[in-house]
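The values are calculated or read from the model by the stated rules, or taken from the named source; none is laboratory data. Keep in mind that this is a model prediction, so the values were computed, not measured. Here Cβ is always computed from backbone atoms with ideal geometry, including for glycine, and neighbour counts include all displayed protein chains.
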Amino acid sequence: MRNLRERYVHPSTKAVWAGEKEYRVHGATQVPVVHSVAYTYDDLDHWYEVAVGNEKGHIYGRNTNPTVESFEQKMKELEGAEAATSFSTGMAAISNSLSTFLKPGDRIVSMNDTYGGTNKIFSEFLPRLNIDVTLCETGNHEEIEKEVKKGCKILYLETPTNPTVKITDLARMVKAAKEAGALVFVDNTFATPINQNPLDYGVDLVIHSATKFLGGHADALGGAVCGRSELVEKIFHYREINGATMDPMAAYLLLRGMKTLHLRLKQSCDSAMKIAEYLQSHELVDQVFYPGLPDHPGHDIAKKQMRQFGGMLSFSMKGGLEAVRDFLPKLEFANRAANLGAVETTVGPARTTSHVENTPEERAALGIPESLVRYSVGIEETEDLINDLEYAFAELSKTPITKG
Ligand SMILES: *Cc1c(COP(=O)(O)O)cnc(C)c1O
């Protein structure tokens, strides 16, 4: 007979239950926030065994904390990983993971459209350490394969990307990397483990900014990495010494946010599809970028490796930057902010948010129009968001568009 206790459990159910039981105390149904820097031991031998890692337990807050560990356990379950560890921010997760494995003389291959901070690590910090960085055109699989074949330590990917939501084929990239003996890291922030599990395609390490969709309420910073124990243990060791530790209060907020991750994403993804279609038909919109649209270049790959197309989209406006400047303040149900993945819809021009560090020429080379608006769909009623856009467009067309 089938053992019902070992049956498949959906990510949505895991988001609610996983990783918590062991950390509850006094019969509480919720994981407590343990605000303690250190842990006391009367038995010196026991203390020693915990300190050297032979027995379970906590010693000092920079290394481990029960609330933070519960967050890590939930992440591990959601990504179907052997192990997970956590960080103060998503950027700490990325920089610590890279620093754990790279040394002078190594080579890393990635793509042009990674998150702005990641791109800065590639262009500014790694070259300073004599690490060779090769950035390929995002979505150009042949070019990435060619560069990986020349030999590299890490192939670093992000899919979907920021801000034009480009898609990279994970299975195909993993195949190329394995042949070259390279590790594959994937930033899974935009998809979340609800929509995509890169480890299923043979990826070695999944990285998250928990600050975005995972937490979902724009009130806590955090990062996580998930993968094989052998890799995660090395990264944990680097982090516990270097100190980019997640705060227990942040862990609590993220744990609470993650319980509704699947519901929030369902609403955001459903709305994103309808909003993308609406925008595509609007006369004041130039281009719409959303992988759920059949004419998006990554649509077929996204369909294959993602369960939903995500809550992020972007669009460029006719009338250039001037139009964007007039349009954005007219939206009622949107924060104009450098964030994404929150329950509130969040908007911003790419030139002010994800690619503020680039020159207009660099943005043009990356295929990012100056009039590109990043639109992170919140959990509001779809109709209200479309009405809000409709109102802003109508107000805009009342004033003649000045050249931007
Ligand atoms: C925000 C973001 C990061 C960085 O996360 P922080 O928590 O802000 O440090 C990394 N990758 C992607 C895709 C992001 O959106």
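Would you confirm whether any residue within region 270-283 is charged (D, E, K, R) and closer than 15 Å to Pro160 by Cα? Within region 270-283 (the criterion being charged (D, E, K, R) and closer than 15 Å to Pro160 by Cα), the answer is no, since none of the residues qualifies. As a summary of the residue check, Pro66 satisfies the conditions (1) at pLDDT below 95; (2) away from the ligand (no atom under 16 Å from the Cβ) except for the one numbered (1). If the condition is being part of a helix (DSSP H, G or I) and of a type in the set (Lys, Arg), then region 297-307 contributes Lys303, Lys304.
On the stretch given as region 214-238, residues that are more than 16 Å from the ligand (Cβ to nearest atom), surrounded by 22 or more Cβ atoms within 10 Å (Cβ to Cβ) and of a type in the set (Gly, Ala, Ser) total 1. Residues in region 197-219 that are within 30 Å of Asn335 (Cβ to Cβ) and more than 14 Å from the chain's Cα centre (by Cα): His217, Asp219.
Among the residues of region 162-185, those identified as modelled with pLDDT of 95 or more and either within 16 Å of the ligand (Cβ to nearest atom) or buried (at least 22 other Cβ atoms within 10 Å of the Cβ) (or both) are Val165, Lys166, Ile167, Thr168, Leu170, Met173, Ala177, Ala182, Val184, Phe185. If you check Met249, Met317 for being over 26 Å from Ser86 (Cα atoms) and hydrophobic (A, V, I, L, M, F, W, C), only one passes: Met317.
Taken residue by residue, region 218-233 has at least one member that is of a type in the set (S, T, N, Q), part of a helix (DSSP H, G or I) and over 22 Å from Lys266 (Cα atoms). Checking each residue in region 31-54 for being surrounded by 12 or more Cβ atoms within 10 Å (Cβ to Cβ) and either without any contact (Cβ under 8 Å) to a residue 24 or more places away in the chain or among the hydrophobic types (A, V, I, L, M, F, W, C) (or both) picks out Val31, Val33, Val34, Tyr39, Tyr41, His46, Trp47, Tyr48, Glu49, Val50, Ala51. Take the conditions in contact (Cβ under 8 Å) with a residue 12 or more places away in the chain, within 27 Å of Arg307 (Cα to Cα) and surrounded by 12 or more Cβ atoms within 10 Å (Cβ to Cβ) and apply them to Glu69. Does it pass? Taking the combined requirement at face value, the residue does not satisfy it.
Mind listing whichever residues of region 177-208 are of a type in the set (A, V, I, L, M, F, W, C), without any contact (Cβ under 8 Å) to a residue 60 or more places away in the chain and not in a loop (DSSP other than H, G, I, E, B)? Listed by number, the residues that qualify are Ala177, Val184, Val186. Right, Leu265: closer than 30 Å to Phe71 by Cβ, in a strand (DSSP E or B), outside the structural domain of Leu78 (by TED's automatic domain parsing) and under 16 Å from the mean Cα position of the chain (by Cα) or not? Against the criterion (closer than 30 Å to Phe71 by Cβ, in a strand (DSSP E or B), outside the structural domain of Leu78 (by TED's automatic domain parsing) and under 16 Å from the mean Cα position of the chain (by Cα)), Leu265 does not qualify. Can you find even one residue in region 27-40 that is assigned by TED's automatic domain parsing to the domain that holds Pro193, touching a Gly at 6+ places or on another chain (Cβ under 6 Å) and not in a loop (DSSP other than H, G, I, E, B)? For region 27-40, residues assigned by TED's automatic domain parsing to the domain that holds Pro193, touching a Gly at 6+ places or on another chain (Cβ under 6 Å) and not in a loop (DSSP other than H, G, I, E, B): absent.
As a summary of the residue check, Ala323 satisfies the conditions (1) buried (at least 22 other Cβ atoms within 10 Å of the Cβ); (2) within 27 Å of the chain's Cα centre (by Cα); (3) not acidic (Asp, Glu) except for the one numbered (2). Inspect all residues belonging to region 191-213 and state whether any of them is surrounded by 24 or more Cβ atoms within 10 Å (Cβ to Cβ), within 16 Å of the ligand (Cβ to nearest atom) and of a type in the set (D, E, K, R). Looking through region 191-213, none of the residues is surrounded by 24 or more Cβ atoms within 10 Å (Cβ to Cβ), within 16 Å of the ligand (Cβ to nearest atom) and of a type in the set (D, E, K, R). Tell me, yes or no, whether region 239-248 has at least one residue that is part of a helix (DSSP H, G or I), more than 14 Å from the ligand (Cβ to nearest atom) and either without any contact (Cβ under 8 Å) to a residue 12 or more places away in the chain or in contact with a Leu (Cβ under 7 Å, 6 or more places away or on another chain) (or both). Yes; the residues of region 239-248 include at least one that is part of a helix (DSSP H, G or I), more than 14 Å from the ligand (Cβ to nearest atom) and either without any contact (Cβ under 8 Å) to a residue 12 or more places away in the chain or in contact with a Leu (Cβ under 7 Å, 6 or more places away or on another chain) (or both).
Among the residues making up region 90-116, those that are of a type in the set (Ser, Thr, Tyr) and within 12 Å of the ligand (Cβ to nearest atom) are Ser95, Ser97, Thr114, Tyr115.
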